[in-house]
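The values are calculated or read from the model by the stated rules, or taken from the named source; none is laboratory data. Just so you know, these numbers come straight off a predicted model, no measurement behind them. A quick note on method: Cβ atoms are made from the backbone with ideal geometry, for glycine too, and the neighbour counts reach across all protein chains shown. Remember, those area values only see protein heavy atoms, side chains included, never the ligands or the DNA or RNA. Shrake-Rupley method; radii C 1.70, N 1.55, O 1.52, S 1.80 Å.
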Amino acid sequence: MRALGITLRLIPILFLGLLLHYVLPQHDVVKVTSTEVIRTDFSSFNRIFYAQADSGATELTTRDLRLINTEKKKTFLLGFMPRDTTGVMVYRNEDTGWIWPPYFKFDSSDLQAEAASAARTDGWAVITHYGWRIRWASIYPNAIAVRPVDSPDVRIIPWFNIFFFAFLIVAIVMIRKMWFQFRERALDPAFDSAGDSLDEVKAGVAEKRSGLRKWLNSWRKKENRK
C-alpha cells in the first residue's frame, strides 16, 4: 500500500518533468548542413507535437514543413557536458503564434533564411529549440533561433531556465506557506468546531437513550409489581 502511495505521488512529478523538458528552451551547438521543405501528412498521434501553419495561413491536415538539417555536437547530462563526437539532428521550423508553448514565434520564413545562410558558411551555430526528436513517429524539435558562434566549444548558460526554476521553487515555497497558514487559520478551527458539534450531538443522543432506558425500566418495574 505504501508503494502504491509513492507511485501515485511520483506520476504527477514525472509528468510535470516531461512537460517542462519538452517546452523549456534548449540550446544545441550544430553545424547547419542544409534546409528543405517537405510535404507532411499528420497522424492522430504526432499531430499534437506540431505547432501550426504559418501565421495567416489556413490549418490543414497536410501542409509544407520546413526542416533544418544539422550535425549536432553530442552532449552528456541533457546538454550540460559536451562530447567530442557529432551526430545528425533535424529540426522543424514552424510558427507557434499565440498558442502553446508561448514562444510567440511568427518569423519562420526569416529563420529559414538565416539557417540557409549558416549552411553556406560551413560554420558552427547555436540553435535554440524546444521539443523532442522521436524518429519512429517523425517528430522534430521546433527551432526558435539560430545564431553563429566562433567554435563548437562555446559554453552556453541557460539563463532563462535558471531563472524559471528559481521562480518555480520560490513560488512553490510561498504557496506551501500560504496553504499551511490557511489550514491553520481556517480549516483547523472549522474541523475542531465540527468535531465539537459532533461530540455534542453524540452526547445528546446518549443522554436521550439513557432517559429512554430509564423510562422503559420504570414500566418494567411496574409490570413486575403486578
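Before moving on, here are some points about what is shown:
- In the stretch 160-176 there is at least one residue that is under 30 Å from ALA118 (Cβ atoms), modelled with pLDDT of 90 or more and open to solvent by less than 50 Å² (accessible area, probe 1.4 Å).
- Members of the stretch 112-135 that are of a type outside the set (D, E, K, R) and outside any strand (DSSP E or B): GLN112, ALA113, ALA115, ALA116, SER117, ALA118, ALA119, THR121, GLY123, GLY131, TRP132
- Residue in the stretch 93-115 that is among the polar types (S, T, N, Q), touching a residue at least 60 places away in the same chain (Cβ under 8 Å) and touching a strand residue (DSSP E or B) at 6+ places or on another chain (Cβ under 6 Å) present: yes
- Looking only at the stretch 138-159, and only at residues there that are among the aliphatic types (A, V, I, L, M) and modelled with pLDDT of 90 or more, the one that is farthest from HIS27 (Cα to Cα): ILE139
- Taking strands (runs of 3 or more DSSP E) as the structural unit, those lying wholly within the stretch 1-111 and holding at least 3 residues that are at pLDDT below 85 correspond to 62-76, 81-92.
- Candidates LEU24, LEU16, LEU4: the one that is surrounded by 10 or more Cβ atoms within 10 Å (Cβ to Cβ) and over 30 Å from ALA125 (Cβ atoms) is LEU16.
- Pairs, first open to solvent by 40 Å² or more (accessible area, probe 1.4 Å) in the stretch 125-154, second assigned to a loop (DSSP other than H, G, I, E, B), C-beta under 8 Å, six or more apart: TRP132/PRO141; ARG133/TYR140; ARG133/PRO141; PRO148/GLY123
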